[in-house]
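Working notes for the structure below.
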């Protein structure tokens, strides 16, 4: 359409045209009295009036472990802070920021975080005093047109307890026919979440003389101990079982048994 050269803006009604979901480009062509023209075009603007979809978004809680054992996915052990990252938001006009929510049945915290598409964005909630339990993390992208994406959420679990060993010894037996030692610790560790175990067995209380080391989810372990190693006078066998929880914390039971032929 033609516009008076004295004007610096122009409006046109496009109610009969469907631009939703399209990128619209504007072009201005200025023509002088000599018939010469100059043309400028915009970078385009994406037209939307609905919630933007957010497929393929991944949210991770970055739970730092207090031990040498890693924290398993979706768990964290620090009640004073929550650190997370996410990626996967895609939107044509560019994302200017993210709305991040941390909530449970009795609390709700929010913050705005600047970020970019196609890379990880990080957020940290600090100065908290959380109780053990399940929390929901939700992330919503906000584009330059101030349009919000759909909210993407995931559950994370705070667990601060280490496995509690019962005041009992490991159960260790040796079959002198099959020459097999069986060690059991079924029911000796208490935890509301699954555990895995590190088992070490040797002839000394320290790790200097280990016969066997194994990582397992079972609550028993078997290994061969030949009669020659036991000897006519018998042999003392030392065992250590370390139960490791989903938050990286652990508890240990050490026992020894004197084996005779």
Measure out, as a whole number of angstrom, how far apart the alpha-carbon centroids of region 211-261 and region 96-158 sit. 45
Counting DSSP beta bridges with both partners in the chain, what percentage is antiparallel, nearest 5? 95
Quickly estimate the mean residue ellipticity at 222 nm for the chain, helices only: each DSSP H run with n ≥ 4 gives -39500 (n - 2.57), and the total goes over all residues, rounded to 500. 0 deg cm²/dmol
So how far apart, in nm, are the two label points at residue 178 and residue 145 if each is 7 Å from Cα heading toward Cβ? 7.0
Separation in nanometres of the label points that stand 7 Å from Cα toward Cβ, at residue 108 and residue 215: 4.1
Roughly speaking, what is the stretch gain from residue 186 to residue 40, that is 0.36 nm per residue apart minus the C-alpha to C-alpha distance, in nm to one decimal? 44.9 nm
Taking R0 as 45 Å, what's the FRET efficiency between residue 28 and residue 60 from their Cβ-Cβ distance, rounded to 0.05? 0.45
If you take Rg/Rh (Cα atoms, Kirkwood Rh) from the coordinates, which of (i) 1.05; (ii) 1.01; (iii) 1.33 do you get? (iii)
Test of understanding: in a Gaussian network model of the chain with alpha carbons linked when under 10 Å, which of 166, 29, 83 would top the mean-square fluctuation ranking? 29
Distance in nm between pseudo-label sites at residue 74 and residue 155 (7 Å out along the Cβ direction from Cα): 0.7
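Every number in this text was worked out from the coordinates using simple rules, so none of it is lab data. Note that this is a predicted model, so its numbers are computed, not measured. Every residue, glycine as well, gets a Cβ built from its backbone with ideal geometry; the counts of neighbours run over all protein chains shown.
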